[in-house]
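So the structure is just underneath, and the comments pick up after that.
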Amino acid sequence: MSVYSRLEAAPPDPILGVTEAYSADPSPDKVNLGVGIYLDETGQIPLLECVEAVEEELTARKRPRGYLPIDGMASFNRAVQVLVFGADSPAVTSGRVATVQSLAGTGALRVGAGLLALSSPGRTVLLSAPSWENHRLLFSRARFQIARYRYYDPVTRGVDHRGLIEDLSAAEPGTIVVLHACCHNPTGCDLTEVDWSQVIEVVQARGLVPFLDFAYQGFSRGVEPDRYGVDALVRVGVPFLVANSFSKNFSLYGERIGAIHFVTGSAAEAAIVDSQAKTVVRSLYSNPATQGAAIVSMILNSPARRAKWEAELRAMRHRIIDMRHAFRAGLAAAGVEEDLSYITSQTGMFSYSGLSIEQMRRLRSEFHVYGLDSGRLCMAALNPGNIERVVEAVGRVMVPA
Ligand code: LMR
């Protein structure tokens, strides 16, 4: 008997498995709208100019590659705290935030889950219905029970405001609630300021633990406005966690760079949490990688480079918005009669199309257009060279023959 004989083959990953299928497709017309990666107008993953410039400096310096501290590069962690919370945030100025460099957003979520498994084992993690596909796997592997709160209303194609509040109000005290800080993945429907204040009221009344997934800072309204939910939680003084990522907003997907932030009640508590988070990191991968942290730190710690980065990020955000408008106009011109305003009102990289799994499979098999089975389509992968093909394909599956 092999040590592996009890295992059955796992199904392909619902997101990265689509890229595998796409890569295996020999069609020259194929388009990958599955994974959340921003591609420029030529269909390439951009190397941001601000990143290229600091990489040249880093190469010229010929740095030796020693180990980073377990919780990461100090200059990176400080700069990221300021980015995520703001320099004047009372959480930052009082030293109540423990920040740990992570392997991008997934690593941040996983280290956060590992710390919560130490501090609060056996609790339930509430995920939005729907949520990013990997949330369920990640929190269940960290031995949490998973439940869902209502979030998306397919009729209004927006947030189910009442269902959300009802479900959070019914949660047991201590329940961990995963909220998307902005650019909700997969729906693109974000909480309004009124929603945030209602959610926070329930969080306080029920003693819930918010865990914010902040993978898309800067892709909704801008770097600062996108942290509205973070600021609102800091204002009421509850403990919470934030997982942030630089995969998308620095176009550093393969560098695996991000951070987990534990907002605690005091600087003394933050020190304890940091020490325990280090045990989580040490047991998982010992300590983090250097290159991504060096790049982000050098950009965020220089006002001129940071301004350049924000300009490049703004350009990515606006290009996606332009593609949303072109996609919507194209579908209308192709004879799709339903209300398509959701395409331009949803925010971030994705459009939650409402297409059925059969329609999504047809898009793949007949038109070589790859999206997720959930109906999620990545607007950030559209460009002038592929939009006509995509519009034609989506139009054909939407309009009855
Ligand atoms: C996505 O949602 O497509 C991205 O966050 C990539 C991933 O790791 O799933």
**Message:** Here is a check on your reading of the model: is residue 214 of a type in the set (Phe, Trp, Tyr) and closer than 25 Å to residue 140 by Cα?
**Reply:** yes
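Results for (1) under 22 Å from the mean Cα position of the chain (by Cα); (2) more than 24 Å from residue 368 (Cβ to Cβ); (3) within 16 Å of the ligand (Cβ to nearest atom); (4) at pLDDT 95 or above, shown as yes or no for each residue.
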residue: 5; (1), (2), (3), (4): no, yes, no, yes
residue: 10; (1), (2), (3), (4): no, yes, yes, yes
residue: 20; (1), (2), (3), (4): yes, no, yes, yes
residue: 24; (1), (2), (3), (4): no, no, no, yes
residue: 35; (1), (2), (3), (4): yes, no, yes, yes
residue: 42; (1), (2), (3), (4): no, no, no, yes
**Item:** Considering residues of region 111-135 that are away from the ligand (no atom under 12 Å from the Cβ), surrounded by fewer than 24 Cβ atoms within 10 Å (Cβ to Cβ) and not hydrophobic (A, V, I, L, M, F, W, C) only, the residue farthest from residue 154 (Cα to Cα)
**Value:** 119
**Message:** On the basis of being under 24 Å from the mean Cα position of the chain (by Cα) and surrounded by 11 or more Cβ atoms within 10 Å (Cβ to Cβ), does residue 31 make the cut?
**Reply:** yes
**Prompt:** Given 51, 80, 100, which one is more than 16 Å from the ligand (Cβ to nearest atom), at pLDDT 95 or above and in contact with a Lys or Arg (Cβ under 9 Å, 6 or more places away or on another chain)?
**Reply:** 100
**Asked** How many residues are part of a loop (DSSP other than H, G, I, E, B) and more than 25 Å from residue 40 (Cβ to Cβ) when one looks only at region 343-374?
**Response** 5
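A quick yes/no check of all residues on (1) buried (at least 22 other Cβ atoms within 10 Å of the Cβ); (2) over 22 Å from residue 20 (Cα atoms):
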{"position": "312", "(1), (2)": "no, yes"}
{"position": "328", "(1), (2)": "no, yes"}
{"position": "340", "(1), (2)": "no, yes"}
{"position": "356", "(1), (2)": "no, no"}
{"position": "359", "(1), (2)": "no, no"}
{"position": "377", "(1), (2)": "yes, no"}
**Asked** Taking only pairs six or more apart or across chains, which ones have beta-carbon atoms under 6 Å, a first residue in region 63-83 that is under 24 Å from residue 283 (Cα atoms) and part of a loop (DSSP other than H, G, I, E, B), and a second residue that is modelled with pLDDT under 95 and not β-branched (Val, Ile, Thr)?
**Response** none
**Request:** Only one of these is buried (at least 19 other Cβ atoms within 10 Å of the Cβ), within 16 Å of the ligand (Cβ to nearest atom), hydrophobic (A, V, I, L, M, F, W, C) and over 22 Å from residue 259 (Cβ atoms): 189, 183. Name it.
**Result:** 189
**Request:** Pairs only if they're at least six apart or on different chains, beta carbon under 7 angstrom, first in region 39-54 and assigned to a helix (DSSP H, G or I), second at pLDDT 95 or above and acidic (Asp, Glu); list them, first residue then second.
**Result:** 49/312; 50/312
**Message:** Looking only at region 181-218, how many residues end up being β-branched (Val, Ile, Thr) and part of a helix (DSSP H, G or I)?
**Reply:** 5
**Asked** touching a residue at least 40 places away in the same chain (Cβ under 8 Å) and not in a helix (DSSP H, G or I), is that true of residue 330?
**Response** no
**Prompt:** Does residue 281 meet the test of being farther than 30 Å from residue 40 by Cβ, among the hydrophobic types (A, V, I, L, M, F, W, C) and crowded, with 22+ Cβ neighbours inside 10 Å?
**Reply:** yes
**Filtered residue count, region 219-246, keeping only those that are of a type in the set (Gly, Ala, Ser), crowded, with 23+ Cβ neighbours inside 10 Å and either within 16 Å of the ligand (Cβ to nearest atom) or assigned to a loop (DSSP other than H, G, I, E, B) (or both)** = 2
**Message:** Being out of contact with any Pro (no Cβ under 6 Å at 6 or more places or on another chain) and either closer than 23 Å to residue 113 by Cα or among the aliphatic types (A, V, I, L, M) (or both) is the requirement here; does residue 202 meet it?
**Reply:** yes
**Prompt:** Given the conditions (1) surrounded by 15 or more Cβ atoms within 10 Å (Cβ to Cβ); (2) touching a Pro at 6+ places or on another chain (Cβ under 7 Å), and given that residue 41 satisfies all but one, which numbered condition is not satisfied?
**Reply:** (1)
**Complete:** The number of residues in region 154-180 that are in a loop (DSSP other than H, G, I, E, B) and touching a Ser or Thr at 6+ places or on another chain (Cβ under 9 Å) is 5
**Request:** Taking residue 215 as the residue in question, decide whether it is within 16 Å of the ligand (Cβ to nearest atom) and either under 25 Å from residue 170 (Cβ atoms) or in contact with a Leu (Cβ under 7 Å, 6 or more places away or on another chain) (or both).
**Result:** no
**Request:** Tell me which residues, restricted to region 262-285, are in contact with a Leu (Cβ under 9 Å, 6 or more places away or on another chain) and either among the aromatic types (Phe, Trp, Tyr) or within 13 Å of residue 240 (Cα to Cα) (or both).
**Result:** 262, 263, 273, 285
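The values are calculated or read from the model by the stated rules, or taken from the named source; none is laboratory data. Computed from a predicted structure; not experimentally measured. Note that we place each Cβ from the backbone using ideal geometry, even for glycine, and neighbour counts take in every protein chain shown.
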